[in-house]
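What follows is calculated from the coordinates using simple rules that are stated; it is not laboratory data. The model shown is predicted, which means the values in this text are computed figures rather than measured ones. All Cβ positions, even for glycine, are placed from backbone atoms using ideal geometry, and neighbour counts span all protein chains on display.
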Amino acid sequence: MSRWTGRWPTDGIAFGADYNPEQWPEEVWPDDVALMQEAGVTLVSLGIFSWGELEPEEGRFEFGWLDRILDLLHEAGIGVDLATPSAAPPVWLHLAHPEMLPVDADGQRFTHGSRESWCVSSPVIRHHATRIARVIAERYGHHPAVKMWHVSNELACHNGRCYCDVSAAAFRDWLGKQYTDIEALNLAWGTAFWGQRYASFEQILPPRRTTTIPNPGQRLAFERFSSDAFVDHLEAEAAVLREVTPHLPVTTNYMVMGDFHQIDYTQTTPLLDIVSNDHYLGAEDPRRFAELAFSADRVRGLAGGKPWLLMEHSTSAVNWQPRNLAKQPGEMVRNALQHVARGADGVLFFQWRQSRAGAEKYHSGMVPHAGRDSELFRDVVGLGATLGRLAEVRGSTVEKARVALLWDVPSWWASELEAHPSVDVRYLDVARDLHGALFDAGVAVDVLPATSDLAGYDVVLVPTLYLAPPGVAARLAEVVARGGQVVVTYFSGIVDEHDRVLLGGYPGAFRDLLGVRVEEFAPLAAGGSVSLSDGSTGTVWTERFTADDAEVLASYDDGPSAGRPALTRRSVPGGGAAWYLSTRLDAPSMATLVAKVLTAADVTPLVPRPGGLEIVRRVGESGSWLFAINHTDGDLPLLAEGTDLVTGAPHGLGASVPAGSVVVLRGA
Ligand code: GAL
């Protein structure tokens, strides 16, 4: 159990980066520290990939360099988020235990030579990762520079699923705990189909490559098992750190971004003191700032609304996308302050000094190859100064929204399994559409795990909740009963926890809530679209359904479900309603629908925003702060007043936020 006092690791908003001094000759370090001071750096993550440097041979440690850099940082007043180094085991460990290397679904074992090259079920990595965590905790846990622990790095990023024999045995153990007996498993997985019946747990394998479609129950169970295995790994490392240093907070850096969904993070939040996330933009996505907002809102939901830490993002280009576009002028600052606006109490980068060699040498850093005399470093210094002026914001929280959007990793896993009605149903699509429509409308939304309490929300949006968690229908019904608006979209509430269809008409979990009964899915051909009677355009999906206990707001004019309902609403006395959307609307149509739902709930933007600033308010004991971010090329008026902490100047009602800039008004 943690005895962490709750004190944030830095006084103001944390600012810094992953710092990898081991990549540089020691003469560079004083310059690093001086530049960090110039930039206002307050926190660096150290030692993430340094196991091979710290323990060059089993049991022989070279601590000197880490001792010296910790002292240097401490003398400069820079705090350290010290990592356990399990993300990059040393070569000698791989050579001694090649069986710890992960195996893919084809049975191919990976070799060492990169990072995260271990099977999460391997007792070898568990033993050595907890051993080195203890060594580090005992040696450095009371060093005054060390402010928090960083467990491993982006758990499951590269080694999320392992199909080796050790994993197979661990999977069978896990299954034995999930199912009372093998008959229960046979029933849950529907093994009567294709005669897959198992006589004992010993016969079961991970879903390795097979001739055609694998068993979906087995696939889903393996996703859960693998996620749980990483939760166990995190727990094992965190337990050592807590035992040795109960005074220090523990975090690990999540990857709530893009398509990553190897871990159900809701299972990990109870193990952490501070929730941290890494976020990288899709450089070619013209709506990347909206995707950033969606990520940050999800992280805040995982953090239970409390402040969280942006552990990594990039100052400019990354190195792992097909085309690694540099950030545009001002974009780094906007990105950083967007995260702060949405609840981050720290913005750190990967990495401090851009590497000279190695796989990531073309990834931007805070100090680029060009060195201190560069536009990028000057921007970094500017950002540090701005964050310094925002210190008072730390500890405040994002004002609770009236709109909630539910997301759920098991639904993500299950909805994208093989052999479904359409490959164009991708879990995140409708969630992003809805979030994007709210973003454009300037309406705040809390993005919550689907198991969350919904009290206080007037609108609850439920995209593609294919595998509805227990009790969610009842919680949504309560929202409707107290006058709220609930919107459920297609391919929600379809299966039970084992991916078995809920019978009697789709969506089994939500039929009563929505007052509809779907008899057949009717997805569209690639690139197809349909017209709805209210002028909307649908894509991807339609359904043949009846609205037995709901009014039809729009029906299909054409397409495979022509003449049938497309959008319905079941209203109850008191103004509450459950809306059902059976197609993927294009962006303008989605904006119209979202506007109607918001009107029904009387939800309006925080402030009127002609031209479309991004606006978020944080509130705390000492006041409130209104963040206004201008993502456009033109100046935009901000209809609020207060002192702008970014410039230090007063901002009058209606004064503009210059193109591409950010204003943070105290008191607004
Ligand atoms: C992250 C990782 C960092 C670095 C970065 C590059 O996924 O945690 O170590 O590789 O990506 O963008």
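If r is the Cβ-Cβ distance from Thr397 to Trp194 and R0 is 41 Å, what FRET efficiency results, to the nearest 0.05? Intermediate results must be reported in sequence, preceding the final value.
On the way: r = 52 Å, r/R0 = 1.26.
According to the calculation, E is roughly 0.20.
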Within straight-line cross-link reach of Lys327, lysines at Cα separation under 27 Å, skipping those fewer than 8 residues along the same chain: Lys361
Could you list the residues of region 441-479 with an amide nitrogen less than 16 Å from a label point located 7 Å from the Cα of Val572 in the Cα-to-C-beta direction? 454-461, 471-479
Mind putting together the pair-distance distribution for region 613-666? All Cα pairs, 5 Å bins, whole percent per bin, short to long. 5, 23, 33, 25, 10, 3, 1, 0
Summed side-chain charge close to Arg342 - residues other than Arg342 whose Cβ falls under 12 Å, Lys, Arg +1, Asp, Glu -1: -1
Cβ-isolated cysteines (cut-off 4.7 Å), the chain: Cys157, Cys164
Suppose we take every Cα in region 403-601 and form the convex hull; what volume per residue is that in Å³? 102 Å³
Computed, not fitted: 222 nm per-residue ellipticity of the chain from DSSP H runs ≥ 4 (each -39500 (n - 2.57)), nearest 500, equal to -9000 deg cm²/dmol
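Count the net charge of all other residues whose Cβ sits under 9 Å from the Cβ of Thr315, scoring Lys and Arg as +1 and Asp and Glu as -1.
Values: positive: Lys327; negative: Asp379.
With Lys, Arg at +1 and Asp, Glu at -1, the net is 0.
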Quick calc, region 195-323, dipole around Cα centre from Cβ unit charges on Lys, Arg (+) and Asp, Glu (-), nearest 20 debye, gives 400 debye
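Per 0.36 nm of contour for each residue apart, how much would the distance between Trp4 and Ala455 grow if the chain were fully extended, relative to their Cα-Cα spacing? Walk me through the numbers before you get to the answer.
Details: separation 451, 0.36 × 451 = 162.36 nm, distance 2.93 nm.
Gain on stretching Trp4 to Ala455: 159.4 nm.
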Using only alpha carbon pairs under 8 Å that are at least six residues apart, calculate the relative contact order of the chain and give it in whole percent. 11 percent
How large is the convex hull of the C-alpha atoms of region 311-448 per residue, in Å³? 163 Å³
How big is the C-alpha Rg of region 1-123 next to the rule-of-thumb value 2.2 N^0.38 Å, as a ratio? 1.28
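When you count, for each residue, the other Cβ atoms within 10 Å and take the mean per peptide, how do 121-127, 252-258 rank with the highest first? Each step should come with its number before you reach the end.
On the way: 121-127: 19.3, 252-258: 23.1.
Going from most to least packed, we get 252-258, 121-127.
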Charges only on Cβ, +1 for Lys and Arg, -1 for Asp and Glu: so what's the dipole of the chain about the Cα centre, in debye to the nearest 20? 740 debye
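Please report the net charge: other residues with Cβ closer than 12 Å to the Cβ of Val151, K and R +1, D and E -1.
Numbers: positive: Arg242; negative: Asp81, Glu154, Glu235, Glu237, Asp273.
Around Val151, the surrounding residues sum to -4.
Once fully extended, how much extra length lies between Asp512 and Val552, figured as 0.36 nm per residue of separation less the alpha-carbon to alpha-carbon distance? Numbers along the way, then the final one.
Working: separation 40, 0.36 × 40 = 14.40 nm, distance 1.57 nm.
Additional length available on full extension: 12.8 nm.
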Size of the chain along its principal axes in angstrom, Cα-based, largest extent first? 75, 73, 44
How much of the DSSP beta bridge set in region 395-509 is antiparallel, as a percent to the nearest 5? 10 percent
So, with points 7 Å from each Cα along the Cβ direction, the Thr632-Glu58 label distance in nm works out to 6.4 nm
Placing each pseudo-label 7 Å from Cα in the direction of the beta carbon, Asp11 and Gln37 end up separated by a distance in nanometres of 1.5 nm
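Suppose R0 equals 22 Å; then what is the FRET efficiency for Trp65 and His369 from their Cβ-Cβ distance, rounded to the nearest 0.05? Could you put the intermediate results ahead of the total?
On the way: r = 23 Å, r/R0 = 1.05.
Computed FRET efficiency for Trp65 and His369 comes out at 0.45.
At R0 = 41 Å, how high is the FRET efficiency between Val28 and Ala655 if r is their beta carbon distance? Nearest 0.05 is fine.
Computed FRET efficiency for Val28 and Ala655: 0.40.
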By the DSSP-based rule, helices of the chain that are at least 18 Å long along the axis (C-alpha) and have a mean Kyte score of at least -0.5 are 123-140, 165-178, 216-244, 288-302, 375-389, 427-441, 587-601
Return the long-range amide H neighbours of Val367 (sequence gap of 5 or more, or a different chain), with a cut-off of under 5 Å between placed amide H atoms. Arg353, Gln354
Restricting to Cα pairs below 8 Å that are 6+ residues apart, what does the relative contact order work out to for region 305-426? Please round to a whole percent. 24 percent
Most exposed first by the Cβ proxy, i.e. fewest other Cβ within 10 Å, how do Val663, Val425, Val472 rank? Val425, Val472, Val663
